Amino acid sequence: MICETLPDLAATLPRVGALAGLDLGTKTIGFAVSDGLRHVASPITTIRREKFTLDAAALLRLVAERDLKGIILGLPFNMDGSEGPRCQSTRAFARNLSRLTDVPIGYWDERLSTVAAERALLEADTSRKRRAEVIDHVAAAYILQGALDRLRNIAGVA
């Protein structure tokens, strides 16, 4: 099931249970997870993209292993808020993934998430090589954390 808005996603989720955050790129997919109470997002891994069936199998294996209750997919809006080809590609990925799982999928505006992740890694004095290795799943954690913060506001929990 695809939920176009976060309030719609919130209505489908159980009160507790971890969520996944995805940063979908053309070559990689960053993967992050939250804690069960949905307070903190943590970067986990980066999946090298091959073809959809292999990518989806790898993602769904991680979702099943961690008993995740929902997926937050970063939606790459243009800076002016419009949707371009990357948004269309992300929505197509979500549609195809939703055919393979009952786990609800929601979207979160991912504009500047990679920039924020890069800045945080630079502030942590991370080497260029290490930044290249972790940037995608750190960006996924930024995406997921933004959605978690919004979900807490929707639920009215401080």
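The values are calculated or read from the model by the stated rules, or taken from the named source; none is laboratory data. Quick caveat: nothing in here was measured; it's all calculated off a predicted structure. Glycine gets a Cβ as well: all are built from the backbone with ideal geometry, and neighbour counts include every protein chain shown.
Tabulated data
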item: Residue in the stretch 7-19 that is hydrophobic (A, V, I, L, M, F, W, C), over 14 Å from Arg66 (Cα atoms) and within 13 Å of the chain's Cα centre (by Cα) present; result: no
item: Residue among Thr45, Thr12, Thr5 that is in contact with a strand residue (DSSP E or B) (Cβ under 8 Å, 6 or more places away or on another chain), over 19 Å from Ala140 (Cβ atoms) and at pLDDT 90 or above; result: Thr12
item: Thr46 vs. criteria touching a His at 6+ places or on another chain (Cβ under 7 Å) and in contact (Cβ under 8 Å) with a residue 40 or more places away in the chain; result: yes
item: Residue check for Glu65: surrounded by fewer than 11 Cβ atoms within 10 Å (Cβ to Cβ), charged (D, E, K, R) and either out of contact with any Gly (no Cβ under 9 Å at 6 or more places or on another chain) or under 15 Å from His137 (Cα atoms) (or both); result: yes
item: Subset of the stretch 147-158 that is more than 10 Å from the chain's Cα centre (by Cα) and either assigned to a helix (DSSP H, G or I) or closer than 15 Å to Ala18 by Cα (or both) - its residue that is modelled with the highest pLDDT; result: Leu148
item: Positions within the stretch 51-88 being part of a helix (DSSP H, G or I), in contact (Cβ under 8 Å) with a residue 24 or more places away in the chain and over 15 Å from the mean Cα position of the chain (by Cα), in sequence order; result: Phe52
item: Test: residue in the stretch 30-43 that is polar (S, T, N, Q), in contact with a Ser or Thr (Cβ under 9 Å, 6 or more places away or on another chain) and assigned to a loop (DSSP other than H, G, I, E, B); result: no
item: Residues located in the stretch 21-37, provided they are within 16 Å of Asp149 (Cβ to Cβ) and either buried (at least 24 other Cβ atoms within 10 Å of the Cβ) or free of Cβ contacts under 8 Å to residues at least 12 places away in the same chain (or both); result: Gly21, Ala32, Ser34
item: Residues of the stretch 1-29 that turn out to be polar (S, T, N, Q) and in a strand (DSSP E or B), as a count; result: 1
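Yes/no per residue for (1) surrounded by fewer than 17 Cβ atoms within 10 Å (Cβ to Cβ); (2) at pLDDT below 90:
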{"position": "Leu54", "(1), (2)": "yes, no"}
{"position": "Asn78", "(1), (2)": "yes, yes"}
{"position": "Ser89", "(1), (2)": "yes, yes"}
{"position": "Arg95", "(1), (2)": "yes, no"}
{"position": "Asp102", "(1), (2)": "yes, no"}
{"position": "Ala117", "(1), (2)": "no, yes"}
{"position": "Leu121", "(1), (2)": "no, yes"}
{"position": "Val134", "(1), (2)": "no, yes"}
